[in-house]
1. Among the lysines, select those whose C-alpha is under 24 Å from the C-alpha of K72, and discard any that sit fewer than 8 residues away in the same chain.
2. Can you figure out the FRET efficiency of T153 with E97, using R₀ = 30 Å and their beta-carbon distance, to the nearest 0.05?
3. Taking a probe of 1.4 Å, how large is the accessible area per residue of the chain, in Å²?
4. Within 9 Å, Cβ to Cβ, of V159, how many net charges do the neighbouring residues add up to if Lys/Arg are +1 and Asp/Glu are -1?
5. Whenever you get a sec, compute what percent of the accessible area on the chain sits on carbon and sulfur atoms (1.4 Å probe).
6. Mind checking which aspartates and glutamates have their C-alpha under 20 Å from K177, skipping anything on the same chain fewer than 8 residues away?
7. For C134, what is the net charge nearby, where nearby means another residue's Cβ is under 12 Å from its Cβ and Lys, Arg count +1, Asp, Glu -1?
8. For L183, what is the net charge nearby, where nearby means another residue's Cβ is under 10 Å from its Cβ and Lys, Arg count +1, Asp, Glu -1?
Amino acid sequence: MLMPQNEPVTFTRDCEAVLIPAGDTVEIPVGTHGNVTQALGGAFTVYIAGNLIRIAGENADAIGKEAPEPLKLPDNATAEDVEALVWEQMQTVFDPEIPINLVDLGLVYRCEFDHSDPAARVVDIDMTLTAPGCGMGDILVDDVRSKVKMVPTVTQVNVELVFDPPWNMEMMSDAAKLQVGML
């Protein structure tokens, strides 16, 4: 779903958005013009009048885009299939200012599964932020929670924001380091 940078868009309806990096919720009125600067993981970063805003996937229609398709598991899915899909979902959560997913940034410290009820699985996640004062922290935590909860058979997702150990660039995957020119 990578789009060309600075693709112009016009809002076709009023739309709730999040101001980056403050994390404040704002309402973008119908008719507003902007440019999509990033479209990753089903969310869109849009530049409007000197500000960056984030449009959630469920509001994609407001800028003429399509919302992500619902997730599916095969009928005979194993616990390992569910776990793999959870990790894939976490890899669709992107920092709205950096085109790197949270897993490759090294922000997911722990992900544990309770498969005792295969029809109602529980996932416990510890994650951090690149900077403790990041205004987008609550938004990113909610993104992880909502994206993991989209996985069929997952009924409860507990996400804990932790700051120990403190994040540093060495926690990034080699792919992420290559992307930002560190390798």
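The values are calculated or read from the model by the stated rules, or taken from the named source; none is laboratory data. In this text the structure is predicted, and so the values were computed from the model without any measurement. Virtual Cβ from ideal backbone geometry, glycine too; neighbours counted across all protein chains shown. For accessibility, only protein heavy atoms count, side chains too; no ligands or nucleic acids. Shrake-Rupley method; radii C 1.70, N 1.55, O 1.52, S 1.80 Å.
1. K147, K149
2. On the way: r = 33 Å, r/R0 = 1.10.
The computed FRET efficiency comes out at 0.35.
3. Numbers: 9490 Å² over 183 residues.
Averaged over the residues of the chain, the accessible area is 52 Å².
4. Net charge in that neighbourhood comes out at -3.
5. On the way: 4970 of 9490 Å².
C and S fraction of accessible area: 52 percent.
6. E88, D95, E97, D104
7. Working: positive: none; negative: D95, E97, D138.
In short, -3.
8. On the way: positive: K177; negative: D174.
Around L183, the surrounding residues sum to 0.
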